[in-house]
Amino acid sequence: MMNQDHVLHASQDDEMESLVLHDDNSNGNGIGNDSSGNVQKPSQSPKSAFNSFLDPPSYAEAIFTSFDSNGHDQTLEQSTRSGTGSGSRSESDCMQISVSDPQEEQELTNSLVPGGSSYHTYLITTRTDKSEFGVRRRFREVVTLSERLSEAYRGYVIPVRPEKSSVERKVMQKEEFVEQRRVALEKYLRKLGSHPVIGKSEELRLFLEVQGKLPLMRTTDVASRMLDGAVRLPRQLFGSESVAVDLNDVAQPARSGRDLLRIFKELKQSVTNDWSAAKPLVVEEDREFMEKKDKLMEFEQQLSSVSQQAESLVKFQQDMGETMGELGLAFVKLTKFESEEAEFESQRVRAADMKNVATAAVKASRLYRELNTQTIKHLDKLHEYLGTMLAINNAFSDRSSALLTVQTLSSELASLHSRIEKLEVAASRIFGGDKTRTRKIEELKEAVRVTESAKICADREYERIKENNRSELERIDKERQSDFQSMLRGFVVNQAGYAEKMAAVWEKLAEETSTYSRNNS
């Protein structure tokens with residue numbers, strides 16, 4: 001949502017170099033803190049004529065101690081981690097994951113062109129209370145982990161992995177793209193680690209601990225699954241393969257592609273649900289869930305609106321900081337002119353006053369930049385929750401998919417029973433029975449038996465996903481209360497603190513220029 005690298009840009013001449021503001025330990029213009037914490041004097045550059053008539057402004061008074069070093073409410077976080085807060089996290093909070101040291105490696109292919117294909121690996125370091133370990137992974141392995149978690153933990157609100165961003169990779173510098181991906185991967189893995197269920201999963205443990213190639217079964221690509229399903233489809237249609245749903249696959253989404261006939265049936269069922277006036281045999285009856293789902297959709301819209309306004313606020317504060325910096329530079333140039341051309345004492349007094357204005361403007365510029373950094377740290381939580389809403393929608397999709405499978409199997413059973421009934425009536429009209437119809441009836445009864453078993457499995461999967469949805473919504477509601485309370489408290493305190501600091505800068509300037517008021521009166 002927000003770029004934390006808001007830097008004050010201006011002209012590149014010697015005067016501006018003396019006023020440039022830094023984000024590191026330096027307070028700007030070569031002023032920094034030594035090992036004892038004392039403010040060091042700015043270095044005088046012989047190349048700059050500016051230093052000969054105007055000492056660079058000190059930024060020491062512009063430094064404001066933010067809400068805390070992480071931009072969060074420490075008291076609230078301690079309460080949360082100890083379990084006394086309303087949004088207590090799991091034990092996996094003790095696990096700290098970092099992603100660093102990207103390295104480019106060559107793809108091992110049969111290509112005759114050297115260096116034709118390459119990729120980056122990242123060092124993923126995990127620290128716990130008891131141990132520390134690291135592995136190297138490439139982005140493809142992160143995709144495999146994400147797919148495996150989606151299959152194994154249906155109904156859970158699983159953090160959404162970073163996109164492949166192939167377009168950005170073409171338009172961005174390689175170093176910039178790699179760093180952006182590193183940051184995104186670190187944030188993603190930390191979210192997985194903080195999840196009360198995913199954080200303790202075997203899949204994540206293997207990904208973080210086992211050296212070498214990722215020991216997770218890679219999901220077969222879509223093309224291969226569809227090809228496999230296309231080969232099976234004629235046998236299913238012409239009866240050489242059972243048309244009943246495979247019990248081993250029934251708990252998985254139909255979109256896996258291995259059973260095209262099932263996909264067609266579920267597609268037909270979904271169209272029937274949308275267009276038919278008849279009520280499906282199985283429907284979503286959890287009214288409380290439906291009400292929560294509607295409220296979450298409304299919350300997502302409001303969240304998107306607030307997020308956009310937060311971006312506007314950050315842009316405004318950035319513009320104010322840049323404008324203040326440019327104003328300070330303009331007064332510096334004006335001071336230089338007055339000093340060089342001064343013939344009377346009044347001109348020298350004006351030059352000294354304009355120097356004070358330049359100093360105040362630069363201090364205000366620095367404060368706006370620091371305030372913007374803190375604003376981003378707090379209000380970026382809004383953007384994070386937009387990602388959470390996407391993960392919630394994915395969990396709801398798991399529920400809808402499972403319900404569709406149950407509806408399809410219920411319709412299939414009703415169709416099988418109807419066909420059996422018609423065949424039995426037709427066979428009863430023939431003296432001595434009809435062996436062909438009798439054999440077909442037995443085949444259909446076997447299909448009913450298998451489909452009923454499949455429906456039992458589908459019902460269990462559906463109920464399991466419903467329970468996962470319920471527990472996840474409760475967890476997120478508690479975490480949202482804690483996160484938003486921390487976000488708002490930190491945002492308000494920082495806004496108030498920096499406003500006081502800025503007011504002090506201008507009040508000091510007002511005192512320094514108070515002689516004008518007395519002279520005018």
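Look through the range 318-345, keep the residues that are among the acidic types (D, E) and either free of Cβ contacts under 8 Å to residues at least 24 places away in the same chain or not in a helix (DSSP H, G or I) (or both), and return whichever of them is farthest from K363 (Cα to Cα).
So the first thing to find is which residues in the range 318-345 are among the acidic types (D, E), and the list is 319, 322, 326, 338, 340-341, 343, 345.
Applying the additional criterion that residues be either free of Cβ contacts under 8 Å to residues at least 24 places away in the same chain or not in a helix (DSSP H, G or I) (or both) yields 319, 338, 341, 343, 345.
On the way: D319: 15, E338: 22, E341: 27, E343: 30, E345: 27 Å.
Across the range 318-345, the extreme among qualifying residues is E343.
With the condition kept exactly as written, say whether any residue in the range 326-333 is modelled with pLDDT under 90, open to solvent by 80 Å² or more (accessible area, probe 1.4 Å) and more than 26 Å from the chain's Cα centre (by Cα).
yes
Can we say D380 is within 28 Å of N469 (Cα to Cα) and either surrounded by 20 or more Cβ atoms within 10 Å (Cβ to Cβ) or in the same structural domain as K445 (by the TED database) (or both)?
On the way: within 28 Å of N469 (Cα to Cα): yes; either surrounded by 20 or more Cβ atoms within 10 Å (Cβ to Cβ) or in the same structural domain as K445 (by the TED database) (or both): yes.
Yes: the conditions hold for D380.
Going by what's in this entry, would P215 be described as open to solvent by 30 Å² or more (accessible area, probe 1.4 Å), in a loop (DSSP other than H, G, I, E, B) and at pLDDT 90 or above?
Values: open to solvent by 30 Å² or more (accessible area, probe 1.4 Å): yes; in a loop (DSSP other than H, G, I, E, B): yes; at pLDDT 90 or above: no.
Considered against the rule, which asks whether it is open to solvent by 30 Å² or more (accessible area, probe 1.4 Å), in a loop (DSSP other than H, G, I, E, B) and at pLDDT 90 or above, P215 comes out as no.
The values are calculated or read from the model by the stated rules, or taken from the named source; none is laboratory data. Quantities reported herein were computed from a predicted structural model and do not represent experimental measurements. Virtual Cβ from ideal backbone geometry, glycine too; neighbours counted across all protein chains shown. When the accessible area is computed, the model is the full protein with side chains, heavy atoms only, and any ligands, DNA or RNA have been set aside. Shrake-Rupley method; radii C 1.70, N 1.55, O 1.52, S 1.80 Å.
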